[in-house]
Amino acid sequence: ERGAQPADLHLRRHRWTTMALAAAGALLAACLLPGALLPPLVVFVGLWFLNGAGQALIAVSSATLLAEHTRSDERGRAYAAHFAITHLWWLVTYPSVGWASARWGAPITFTALGALCAAIAVVGWLATPASTPAHDHLVE
């Protein structure tokens, strides 16, 4: 926004990322929870589309926070570290979901993971401070 101070923009981005991450957690949970109901394929495709939107919200929010809290000369390393960490978790979760689906079936696994997403979203929301604590602003 024109005329806005860098510190004000920084705080707005913090608020946006907080809301986006909470919305993404809720959206992911809502997309997975109906799994046990065996939705028809057209509904499943719609839920999967929304699931992708939730994942995109998380990715954009994370990238925004990384950009806000790194200098341009260290940003490449920060993004690389973020990429490595997220892919490490995918290395754990993808086989785990496959194993759970083989053992209990996809509908139960989706619903259980939806409940887990909901729990994580609630904990994240409750753990988020009401206001952003003062810190250095790395806006260039």
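Here each label is just a point 7 Å from Cα along the line to Cβ, and for Trp90 and Met19 those points are 2.9 nm apart. Placing a label point 7 Å from the Cα of Ile108 along the Cα-to-Cβ line, the residues of region 12-32 whose backbone N sits under 19 Å from it are 32. So for the chain, what percent of the C-alpha to C-alpha distances run longer than 22 Å? So the portion of pairs separated by more than 22 Å is 50 percent. Angle of helix 6-32 to the longest C-alpha principal axis of the chain, folded into 0 to 90 degrees and rounded to 10: 0°. Counted residue by residue at 0.36 nm each, then reduced by the alpha carbon distance between them, the extension gain from Leu116 to Ala26 reaches 31.3 nm. Once R0 is set to 35 Å, what does the formula 1/(1 + (r/R0)^6) return for the Cβ-Cβ distance between Asp73 and Ala36, expressed as a FRET efficiency to the nearest 0.05? The formula returns an efficiency of 0.10 here.
Taking 7 Å steps out from each Cα toward its Cβ at Asp8 and Ala81 produces label points 3.2 nm apart. For the peptides 12-18, 23-29, residues were scored by their other Cβ atoms within 10 Å and the scores averaged per peptide; the highest-first order is 23-29, 12-18. In the chain, the longest principal axis of the Cα atoms and the axis of helix 75-104 are about 10 degrees apart.
All of the numbers you see were taken from the coordinates with simple rules; none came from a lab. Note that the coordinates shown come from a computational prediction; the quantities given were computed from them, not determined experimentally. With ideal geometry, Cβ positions are generated from the backbone for all residues, glycine too; neighbour counts draw on all protein chains shown.
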